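First comes the structure, then the notes that go with it.
The values are calculated or read from the model by the stated rules, or taken from the named source; none is laboratory data. This one's a predicted model, so the numbers in the text were calculated from it and none came from an experiment. Reconstructed Cβ throughout: ideal geometry from the backbone, glycine too, with neighbour counts over all protein chains shown.
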Amino acid sequence: MKPAKRLQNLPPYLFAELDRAKKKLRDEGADIIDLSIGDPDMEPPAQLKQYLADALNTPEIHRYPSYAGCPEFRKAVSDWMSKRHDANVDPDGEVLGLIGAKEGIVHFVMATINEGDMVVTPSPGYPPYIHATILAGGKTHEFPLTPDTDFQPDFDAVPADVWKKAKILFLNYPNNPTSATATRETFEKAIELARKYDFIVVNDAAYIDVASPDDLPLSILAVPGAKDVAIEFHSLSKTFNICGWRIGWCAGNKDIVGLVGRFKESVDSGAFTAIQHACAKGMATLEDHIVGMQGIYMTRREAITKQLSLMGLQVLRSNAGFYVWAKLPSGKSTDFCTNLLEKAHVAATPGLGFGKHGEGYVRFSLTASTERIGEAIERMAKL
Ligand code: MLT
């Protein structure tokens, strides 16, 4: 069967490729320490599982969900955004429930660009920005995120011609893969450019709540004027260790949120209502879990950062997210990761997988226990 052209044009999906490589070794009996995909090893809070169990017995909960997200969930999102992120979004129209942020990002691109339209996107960057653009027939312009600009975009380096053709600017803060957080100036400048050139700014904020409550990264929706031109994607996957539940939202400009909703009405039927109910309660009551989780990631981060530095890798310091972005002393990132996986049975993600400006770097995910991370470091040091 010949695949459709849009599928033929898609590069392999990074994490599916890595899964195949890990599976092959596991099938041969290898004990793989997986620091590649950002899939939390910790359990969801027990209380959240109880909320879900309770919700399962609610009358009518197993019927089709609401397309836009149930009122309880959208209200909880609106409260969460104002309480935690200083952002005011109307639960009716400015918030849309999603089956995870990844789904929403792809559908958002499908809903807003035409063939040949330009999408400006970070490199290194989360692969779905480019995959979605290919699926929608658009073109991408990748801007580099490097230590020279503290992993902030150098907007002035993007040619005016690109801005003129741009329909979407993707930002992703706290950033995957680098864990850098945005400065206020980055968001302000993006909003100003979007007004000038008439494009949509998107901040993918999937990691914004994996951070200390005393030092929460900035949401673009907290910046004045953002709602004129911007939307933000959020996810509970990492906040509550529920990647498999598939639940997130986008919020911000009503017209843009509405377009994503319209697209989704034709392709899916919304997130399971029991999950929405459980998460709505969780968002109102589980602050302690978030504080504890962040402490654990910080301990893991400190341990691995120290050891990687001793091994000669330069590491970006950050208090947000759960990725460690390390610069290799030399060589290609794919060679480094293949060697590490095959010889030490430690899985990490090659920087090149996030785009050409990721070459020379490797990403370690802090989603294994401190003991397993310690063992991974020992294996690496031996290698
Ligand atoms: C990652 O490892 O970059 C993420 O877990 C992938 C995802 O969130 O889809």
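Check every one of the helices (runs of 4 or more DSSP H) wholly within region 153-237 and list those with 1 or more residues that are under 21 Å from the mean Cα position of the chain (by Cα) and closer than 29 Å to Arg317 by Cβ. Break it down into steps so the answer makes sense when it comes.
Values: elements: 160-165, 184-197, 226-229.
Qualifying helices (runs of 4 or more DSSP H): 184-197, 226-229.
Looking at Leu25, Leu96, Leu56, can you tell me which residue is in the same structural domain as Ala251 (by TED's automatic domain parsing), surrounded by fewer than 20 Cβ atoms within 10 Å (Cβ to Cβ), hydrophobic (A, V, I, L, M, F, W, C) and in contact (Cβ under 8 Å) with a residue 40 or more places away in the chain? Residue meeting the stated conditions: Leu56.
Please go through region 1-22 and give me each residue that is part of a helix (DSSP H, G or I), farther than 13 Å from Pro127 by Cα and without any contact (Cβ under 8 Å) to a residue 40 or more places away in the chain, ordered by number. Talk me through it step by step, then tell me what you get.
Taking region 1-22 as the starting set, the residues that turn out to be part of a helix (DSSP H, G or I) are 5-8, 14-22.
Now drop any that are not farther than 13 Å from Pro127 by Cα, which leaves 5-8, 18-22.
Answer for region 1-22, where residues must be part of a helix (DSSP H, G or I), farther than 13 Å from Pro127 by Cα and without any contact (Cβ under 8 Å) to a residue 40 or more places away in the chain: Lys5, Leu7, Gln8, Asp19, Arg20.
Report the residue count in region 61-93 for those that are at positive phi and either within 16 Å of the ligand (Cβ to nearest atom) or surrounded by 18 or more Cβ atoms within 10 Å (Cβ to Cβ) (or both).
Step one: of region 61-93, the residues at positive phi are 69, 86, 93.
Narrowing the set further to residues that are either within 16 Å of the ligand (Cβ to nearest atom) or surrounded by 18 or more Cβ atoms within 10 Å (Cβ to Cβ) (or both) leaves 69.
Of the residues in that region, 1 qualify.
Is it the case that region 26-43 has a residue that's under 19 Å from Phe240 (Cβ atoms) and more than 16 Å from the ligand (Cβ to nearest atom)? Within region 26-43, one or more residues are under 19 Å from Phe240 (Cβ atoms) and more than 16 Å from the ligand (Cβ to nearest atom). If Ile61 satisfies all but one of (1) in a loop (DSSP other than H, G, I, E, B); (2) among the β-branched types (Val, Ile, Thr); (3) under 30 Å from Ala226 (Cα atoms), what's the number of the condition it fails? Going through (1) in a loop (DSSP other than H, G, I, E, B); (2) among the β-branched types (Val, Ile, Thr); (3) under 30 Å from Ala226 (Cα atoms) one by one, Ile61 breaks only (3). Asn319 is checked against (1) under 18 Å from the mean Cα position of the chain (by Cα); (2) at pLDDT 95 or above and fails just one. What number does that condition carry? Answer for Asn319: the failing condition is (2).
From the list Phe187, Phe155, Phe170, Phe240, pick out the single residue that is away from the ligand (no atom under 13 Å from the Cβ) and in contact with a His (Cβ under 8 Å, 6 or more places away or on another chain). If you could, list the steps in order and put the result at the bottom.
Details: Phe187 fails: in contact with a His (Cβ under 8 Å, 6 or more places away or on another chain); Phe155 fails: in contact with a His (Cβ under 8 Å, 6 or more places away or on another chain); Phe170 fails: in contact with a His (Cβ under 8 Å, 6 or more places away or on another chain).
Result: Phe240 is the single residue among Phe187, Phe155, Phe170, Phe240 that is away from the ligand (no atom under 13 Å from the Cβ) and in contact with a His (Cβ under 8 Å, 6 or more places away or on another chain).
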